[in-house]
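> After the structure tokens below, expect a handful of questions from me.
The values are calculated or read from the model by the stated rules, or taken from the named source; none is laboratory data. Just so it is clear, the model here is predicted, and its values are computed rather than measured. Every residue, glycine among them, receives a Cβ derived from its backbone with ideal geometry; neighbour counts consider all protein chains shown. Just the protein is used for accessible areas: all its heavy atoms, side chains included, with ligands, DNA and RNA removed. Shrake-Rupley method; radii C 1.70, N 1.55, O 1.52, S 1.80 Å.
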Protein chains: 6
Amino acid sequence: MSKIVYVTRRERFNAAHRLYNPAWDDAKNAEMFGKCANVNWHGHNYDLFVTVRGVPAPDTGFCIDLKVLSDMIKDLVIEKLDHRNLNLDVDFMTGILASTENLAIAIWEQLEAPINANGCSLHSIKLYETENNFVEYFGGK
Amino acid sequence: MSKIVYVTRRERFNAAHRLYNPAWDDAKNAEMFGKCANVNWHGHNYDLFVTVRGVPAPDTGFCIDLKVLSDMIKDLVIEKLDHRNLNLDVDFMTGILASTENLAIAIWEQLEAPINANGCSLHSIKLYETENNFVEYFGGK
Amino acid sequence: MSKIVYVTRRERFNAAHRLYNPAWDDAKNAEMFGKCANVNWHGHNYDLFVTVRGVPAPDTGFCIDLKVLSDMIKDLVIEKLDHRNLNLDVDFMTGILASTENLAIAIWEQLEAPINANGCSLHSIKLYETENNFVEYFGGK
Amino acid sequence: MSKIVYVTRRERFNAAHRLYNPAWDDAKNAEMFGKCANVNWHGHNYDLFVTVRGVPAPDTGFCIDLKVLSDMIKDLVIEKLDHRNLNLDVDFMTGILASTENLAIAIWEQLEAPINANGCSLHSIKLYETENNFVEYFGGK
Amino acid sequence: MSKIVYVTRRERFNAAHRLYNPAWDDAKNAEMFGKCANVNWHGHNYDLFVTVRGVPAPDTGFCIDLKVLSDMIKDLVIEKLDHRNLNLDVDFMTGILASTENLAIAIWEQLEAPINANGCSLHSIKLYETENNFVEYFGGK
Amino acid sequence: MSKIVYVTRRERFNAAHRLYNPAWDDAKNAEMFGKCANVNWHGHNYDLFVTVRGVPAPDTGFCIDLKVLSDMIKDLVIEKLDHRNLNLDVDFMTGILASTENLAIAIWEQLEAPINANGCSLHSIKLYETENNFVEYFGGK
């Protein structure tokens, strides 16, 4: 019987963003998003938890080498998000409203194929915007 | 394909309580609940995590506006629990043994209908009594 | 030259209390202390940090054996506060308004002589009432 | 209708270990495990979260008495792991590569039968090796 | 003898900023500040700890009413910083390089007179930019 | 007037150690140090906070570039401690009893001269062994 284990790696990034729908004028954006729509941006320290699902290999005891997982997350996600503006600087967020929900989905889409090519499967993205607010994404299920 | 995201909001409250079964005498309560049965009460800083399940709206990127969610939690739950005695002051805990398990169930029952009326669905209540003890409730499943 | 090191031990207790000045009527207490004056009490998870000052002994590398320090704190303070009512159950708080400030001073007074009899000196009491509020006491200096 | 609640208890232990496959020579171990293969060991403060699943009893409000659960975890797991060497000192880790994944599985196997004999069922083991790395095990599912 | 106690209140704000010296060109700013100079900004969740020094009043047990302290911090500091751009939106940061050091000094200067007018004295500003970086300011001493 | 600010950088390392005085036999070591004397070692996740004291430079707003400070700590301390055995592998701990007190002093002695050569001065070393135990060293004062 295979014994499935879920392994999680935390990475962090600091970014600027604003909540803004370009189909709306500034007044409507301010009404809907409040101070989160500030035209001069605000920002956060984001905490990202990436969970993968797999069976520990007999010779290493690993589902996935955490160094490999950490490098994938850094190369594919953190490098593009850290010390950036989520609305202006990030190729995989172009045209997407920069809510935490949408950002978690976009991070999943960056990581799913590369992680699954490593013999385990991406299970979830958990993304903290503040200590009081976080979202989780399990591939849409 | 709809992309379901789970969104969590943390709120906090500070309350007094005791573990006490009125069908038992004081000796039996002390035997079963130990120092948690102290007749003069004790208390906790409770950390409450409310998770809702939904699909981000195209125009806001939100499953639910966190301001709306936070206000619902505060109005329906925190206002009634914070700086209160769970055994004496809380209408929705009347006649219920004030364990963390029962409190989580009662909080779910306060929030389920109002949250579900907002276009997403209540997924879980996570309630920390101390840094070492917490419970989760998923509607009984 | 002696090398002074500051050593800190954390202990925790959960207690009920209310802010209440017996020289005032209930209306005045409610006006001054708000919801903290609730007649049916509320409570907290308190985090207590006790810092002692000393020179590490050559044969142990210790300023003070942390097992000894922990036992002193538990016997003299935690045992009397944990799962208690700070206004009703605690001998060393009798007649003292149960603010965090006064509680920190009272804890210092319980610990100062016993700790100083162990070859080091009590340096500070740091007491968290919530994650947002804490006090420190250095013996009045 | 029965209302299932999930109850979690945290316990902690501090241990030494190394990642080492005896079928490989030192060079291969160093290549595969990097600094984690250090022959003179390294160590961690492990945080262990044990989650049990049950229905609160009407007379106590408990799925399981947390004192009972804590004592089981301490007797069966913490006592054997705390201030030990995971590779050399732990009967239930003999012959097992001391990865966090394997340790979580081994802890599950120690606890499953005793907890299930108490009228609830073991749901998960969550084990933090560092603030950035943790694993979860749900019995292999 | 008066018994001085130090009371601390935590408040939080989320802001965008960049490190930028207008006397330098972009290349020099990038060389000196690295990714912190990103022209499109980045941001942080800042944690602010304000410590005041005073003697608990006999009738309240308070050095300062924490509600009063919290309101002062919110009105004079948080309201101006939260969901803002530190370089563009904050009157008391105009012309000041937006380092954590300079921000802590500026916050002190906003709070010192109003807090000291309340019968206690401002002792320190502690400002976290990330979990790994923080600064403290004691009025320049 | 110069405005002194205190800047702190956190770094982390994971190490094995035991408390052991070679002048004592095993029985005496076990008596004095309990389970901390385990001959097969145990280990910890250490959290290290290095605080420096300085005046922010007008052109950068920095007391010290945190990248420079972080690199100094990593090169001079973390590189030598992380994933090591404090009793066997660390040149600057040779012949020193591996208590947290002594380790904090030794870390100070590694960092004092290099940091002070950078135009600010080392103020303190704060070293957590567990969430409940930490020490601080201010150069012996």
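> Shortest first, in nm, what separates the label point of residue F:119 from those of the same position in the other copies (7 Å along Cα→Cβ)?
Here residue F:119 shows inter-copy label distances of 4.6, 4.6, 5.1, 5.4, 6.9 nm.
> Cα-based Rg (one decimal) and Dmax (whole number) for chain C, in Å?
My reading of the Cα-based Rg and Dmax gives 16.9, 60 Å.
> In a shell of Cβ-Cβ distance under 13 Å around residue E:121, excluding residue E:121 itself, what net charge do Lys and Arg (+1) and Asp and Glu (-1) give? Walk me through the numbers before you get to the answer.
Working: positive: E:53, E:141; negative: E:112.
So the environment of residue E:121 carries a net charge of +1.
> Under a plain spin-label model, where a point goes 7 Å from the Cα along Cα-to-Cβ, how far apart in nm are residue C:96 and residue D:92?
The answer from the label model is 4.4 nm.
> Where only protein heavy atoms count, and the probe is 1.4 Å, what is the accessible area per residue for segment E:5-137 in Å²?
Numbers: 4920 Å² over 133 residues.
About 37 Å² of surface per residue is accessible.
> Also, I was wondering about something else. Which percent of the accessible heavy-atom area of segment E:5-137 goes to carbon and sulfur, probe 1.4 angstrom? Write out the running numbers ahead of the final one.
Numbers: 2400 of 4920 Å².
For segment E:5-137, the apolar C and S fraction of the accessible surface comes to 49 percent.
> Among residues other than residue C:79 whose Cβ falls under 14 Å from its Cβ, what is the net charge (Lys/Arg +1, Asp/Glu -1)?
Numbers: positive: B:35, C:12, C:74, C:80, C:84; negative: C:11, C:71, C:75, C:82, C:89, C:91.
Surrounding charge for residue C:79 is -1.
> Now a separate question. Averaging sequence separations of C-alpha pairs under 8 Å and six or more residues apart, then dividing by the length of segment A:8-141, give the relative contact order as a whole percent. It would help to have the intermediate numbers written out before the result.
Numbers: 223 pairs, mean separation 40.2, N = 134.
Once normalised by length, the contact order is 30 percent.
> Give, in whole angstrom and from largest to smallest, the semi-axes √(5λ) of the equivalent ellipsoid of segment D:70-139, with λ running over the eigenvalues of the Cα gyration tensor.
Working: eigenvalues 76, 45, 25 Å².
That gives 19, 15, 11 Å for the three semi-axes.
> Next question. Can you give the local net charge around residue B:107? Use residues other than it whose beta-carbon is closer than 14 angstrom to its beta-carbon, Lys and Arg +1, Asp and Glu -1.
Numbers: positive: B:9, B:10, B:12, B:74, B:80, B:84, B:126, D:3; negative: B:11, B:47, B:75, B:79, B:82, B:91, B:101, B:109, B:112, B:129, B:136.
Residues close to residue B:107 contribute a combined charge of -3.
> Would you mind estimating how fast segment D:20-62 diffuses translationally, via Stokes-Einstein at 20 °C and 1.002 mPa s with the Kirkwood radius over Cα pairs, in µm²/s?
Numbers: Rh = 14.3 Å.
So the translational diffusion coefficient is about 149 µm²/s.
> Please state the shape class of segment B:31-100: rounded when a/c is under 1.5, otherwise prolate if a/b exceeds b/c and oblate if not, all from the C-alpha gyration tensor.
Numbers: a/c = 3.46, a/b = 2.74, b/c = 1.27.
The shape class here is prolate.
> What residues of segment D:117-135 lose no less than 20 Å² of accessible area with every protein chain in place versus their chain by itself (probe 1.4 Å, heavy atoms only)?
Flagged in segment D:117-135: D:130, D:131, D:132, D:133, D:134, D:135.
> What whole-number distance in Å separates the alpha-carbon centres of segment F:1-50 and segment D:101-141?
29
> Within segment F:49-74, which residues have the backbone N less than 13 Å from the label spot 7 Å out from residue E:138 along Cα→beta-carbon, could you tell me?
What the label zone holds, given the 13 Å backbone N cut-off, is F:52-54.
> When the helices in chain F are scored as -39500 (n - 2.57) per DSSP H run of 4 or longer and the sum is shared across all residues, what 222 nm value do you end up with, to the nearest 500 deg cm²/dmol? Walk me through the numbers before you get to the answer.
Values: 3 runs with 33 residues, N = 141.
Helices in chain F give a 222 nm mean residue ellipticity of -7000 deg cm²/dmol.
> Follow-up question, since we're still on this one. Are there residues in segment E:33-47 whose accessible area shrinks by at least 20 Å² when all protein chains are included rather than the chain by itself, and which are they (probe 1.4 Å, ligands and nucleic acids not counted)?
E:33, E:35, E:38, E:40, E:41, E:42, E:43, E:44, E:45
> Could you tell me the total accessible area buried at the B-C interface, probe 1.4 Å, in square angstrom to the nearest hundred?
1900
> Shifting gears a bit: Among B:112, B:101, B:31, determine the one that fluctuates most according to a GNM of chain B built with springs between C-alpha atoms less than 10 Å apart.
Between B:112, B:101, B:31, it is B:31 that shows the largest mean-square fluctuation.
> Could you tell me which of rounded, prolate or oblate describes the protein assembly as shown, using a ≥ b ≥ c as the square roots of the eigenvalues of the alpha-carbon gyration tensor, with rounded for a/c under 1.5 and, failing that, prolate when a/b is larger than b/c and oblate otherwise?
Details: a/c = 1.03, a/b = 1.00, b/c = 1.03.
It is rounded, given that a/c, with a ≥ b ≥ c, falls under 1.5.
> Can you list the copy-to-copy distances for residue F:57, using a point 7 angstrom from Cα toward Cβ, in nanometres, shortest first?
Result for residue F:57, in nm, nearest copy first: 4.6, 4.7, 4.8, 5.0, 6.7.
> OK, next. List the distances, in nm and shortest first, from the label point of residue B:22 to the matching label points in every other copy, placing each point 7 Å from Cα along the Cα-to-Cβ direction.
3.0, 6.3, 6.3, 7.0, 7.0
> State the residue of chain C whose Cβ is nearest the axis carrying C onto D, and the distance in whole angstrom.
Chain C residue with minimal Cβ-axis distance: C:12, 7.
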